[in-house]
Amino acid sequence: MRNLLQLLSKYSILLMFVALEIVSLILVVRNNEYQRNAFFTSANVIAGWNYSVYAYFAQYFNLREENRLLQEENIQLQNQLLTAKNELQRVIEKKDSGYVSAELNKHYISARVINISSSKRHNYLTINRGERDSLKKDMGVINCYGVVGIINNTSRQFATVIPIINTSMQLSCKIKNNDACGPLVWNGKNYRYANLTDIAKHITVNQGDTIVTSGFTPTFPEGIMVGVVEEVSTPQGSSYHSIKVRLAADYKSLGYVSVIADRNLEEQKKLEGEYMD
Amino acid sequence: MIIVVLLQVFLFNNLQMGGICTPMVYILFLIALPKEVQRWQELLIGAALGFIIDCFTNTLGVNMSACILLCYLRPLLIKSMTQEYERLNGEINSDSLGFGVYAKLVTILTFAHHTTAILLESFTTSHLWLTLIQIVISSALTILLLLGYELLRKR
């Protein structure tokens, strides 16, 4: 017994080292599962507050760029307003009152990106809206160029977003002009490009084709811009194209984003969940 | 320690050279810990600092594990590198060790820390080449910054 105690005290530092390493490795592994503990991520209040102070000062450095983006978004909104007016006109003319468009159940919540990483495999961004602003897990995030990511975790005032440039993210997309669907994945290399997979060989894909969301997941409505085909190749012996897509959103200059809040999101997820489980 | 965390989180984490590497200079705080600090204290300080950095970067456990390794190796390395270990006191820097020995210490510790941190962060063996390049470049950058700081400090 004494010998055992002596042995233990002799190797106590080594034992402590091993114990601490095991604790940290458990943290790493648990963290890789999707269920991240909101308290110890950048959505937590202290870290989030620090980041929002930092972002408050940092935003002055790219005011010019932000203004340009706002102007572009403004124009897009005006265009949408115009089409909406036309639509309304048509509906009134038809006296077609029984039809409610699915779009009416959606609205946008604007948010500012206060932290972003783009050089890792598992990148995340933090935005300055949270449960207080009725944000929930799995809502989609876009900016005026296109899809940014999906909300992963929320705290009261902040939320973390998994962008397309995270190797554990898969986004269901389609090619706009022929409706061929496939998941978009990121290979962890360049933050400007991702790969569209599972597009069969017989489908013609051209450089410059537009890639949009498929609308199969409730997170994003159909037809939101994702990117443009940069390069198409067909590996020998493979029955699928290998398609390199230039992403529409530039993750190095994200400022303002919009969160798509869909009233039907939870209902659809619940219904589909019954089959998944 | 607060200053080190703030510098790392707000300045150096944003210096992502071409999306390949991030210098992690906060480990200077751990390398420079006074010799009088007990080894168990040192391990706990390393774990705490790594954990705080992890909270900011959404990489729970990654920096923590790397810092614990660094804190475990540091006294062993210092002991094996200098003959007059007993005479050392105060902070560990190039004044107490001599620049050559200090540079060697910083190089080995930084490389060990970055290898652990980056491998754990990527958590996969695909893109192994990219990860290796990332380790080498990040380590080189951190070592340059730390030794550059040491030279400036001595002026």
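The values are calculated or read from the model by the stated rules, or taken from the named source; none is laboratory data. The shown structure was predicted, so the numbers you read here are calculated from the model rather than taken from an experiment. Ideal geometry is used to build each Cβ from the backbone, glycine not excepted, and the neighbour counts take in all protein chains shown. Areas reflect the complete protein model, heavy atoms only, side chains present, ligands, DNA and RNA absent. Shrake-Rupley method; radii C 1.70, N 1.55, O 1.52, S 1.80 Å.
The table for this structure:
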{"quantity": "The listed residue being among the polar types (S, T, N, Q) and either over 20 Å from B:Leu49 (Cα atoms) or modelled with pLDDT under 80 (or both), out of B:Thr110, B:Thr124", "calculated": "B:Thr124"}
{"quantity": "Options A:Thr160, A:Thr167; residue that is surrounded by fewer than 23 Cβ atoms within 10 Å (Cβ to Cβ) and either within 14 Å of chain B (Cβ to nearest Cβ) or modelled with pLDDT of 90 or more (or both)", "calculated": "A:Thr167"}
{"quantity": "Verdict on B:Met24 being within 15 Å of A:Glu21 (Cα to Cα), open to solvent by less than 40 Å² (accessible area, probe 1.4 Å) and of a type in the set (A, V, I, L, M)", "calculated": "no"}
{"quantity": "Every residue from segment B:63-85 that is more than 14 Å from every other protein chain (Cβ to nearest Cβ) and among the charged types (D, E, K, R)", "calculated": "B:Glu84"}
{"quantity": "Any hit, segment B:15-24, residues being within 14 Å of chain A (Cβ to nearest Cβ), farther than 30 Å from A:Arg121 by Cα and in a loop (DSSP other than H, G, I, E, B)", "calculated": "no"}
{"quantity": "Counted residues, segment B:53-77 - those being closer than 24 Å to B:Leu105 by Cβ and in contact (Cβ under 8 Å) with a residue 24 or more places away in the chain", "calculated": "15"}
{"quantity": "Every residue from segment A:214-228 that is touching a strand residue (DSSP E or B) at 6+ places or on another chain (Cβ under 6 Å) and open to solvent by less than 20 Å² (accessible area, probe 1.4 Å)", "calculated": "A:Ser214, A:Thr219, A:Phe220, A:Val226, A:Gly227"}
{"quantity": "Answer residue from segment A:181-205, given it is touching an Asp or Glu at 6+ places or on another chain (Cβ under 9 Å) and away from chain B (no Cβ under 14 Å) and is most open to solvent (accessible area, probe 1.4 Å) among those", "calculated": "A:Cys181"}
{"quantity": "Qualifying residue in segment A:137-155 (condition: on the phi > 0 side of the Ramachandran plot and over 14 Å from the mean Cα position of the chain (by Cα))", "calculated": "no"}
{"quantity": "Filter pass, A:Ala249 being under 22 Å from A:Lys120 (Cα atoms) and surrounded by 15 or more Cβ atoms within 10 Å (Cβ to Cβ)", "calculated": "yes"}
{"quantity": "Residue tally, condition in a loop (DSSP other than H, G, I, E, B) and surrounded by fewer than 19 Cβ atoms within 10 Å (Cβ to Cβ), over segment A:130-156", "calculated": "6"}
{"quantity": "Odd one out for A:Arg112 among (1) surrounded by fewer than 19 Cβ atoms within 10 Å (Cβ to Cβ); (2) over 21 Å from B:Asn13 (Cα atoms); (3) not acidic (Asp, Glu)", "calculated": "(2)"}
{"quantity": "Options A:Glu222, A:Glu230; residue that is among the acidic types (Asp, Glu) and within 20 Å of the chain's Cα centre (by Cα)", "calculated": "A:Glu222"}
{"quantity": "Strands (runs of 3 or more DSSP E) completely within segment A:160-277 that count 2 or more residues being of a type in the set (Val, Ile, Thr)", "calculated": "A:210-213, A:225-233, A:242-247, A:256-262"}
{"quantity": "Residue count for segment B:36-62, restricted to those that are open to solvent by 50 Å² or more (accessible area, probe 1.4 Å) and either away from every other protein chain (no Cβ under 14 Å) or in a loop (DSSP other than H, G, I, E, B) (or both)", "calculated": "2"}
{"quantity": "For A:Ile127: the one exception among (1) closer than 29 Å to B:Ser138 by Cα; (2) away from every other protein chain (no Cβ under 14 Å); (3) buried (at least 23 other Cβ atoms within 10 Å of the Cβ)", "calculated": "(2)"}
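Each row is one residue, and each column tells you yes or no for (1) under 14 Å from the mean Cα position of the chain (by Cα); (2) away from chain A (no Cβ under 14 Å); (3) closer than 20 Å to B:Ala32 by Cα; (4) not in a helix (DSSP H, G or I).
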residue	(1), (2), (3), (4)
B:Ile92	yes, yes, yes, yes
B:Ser96	no, yes, yes, no
B:Tyr102	yes, yes, yes, no
B:Val106	yes, yes, yes, no
B:Leu109	yes, yes, yes, no
B:Ala112	yes, no, yes, no
B:Glu121	no, no, no, no
B:Thr142	yes, yes, yes, no
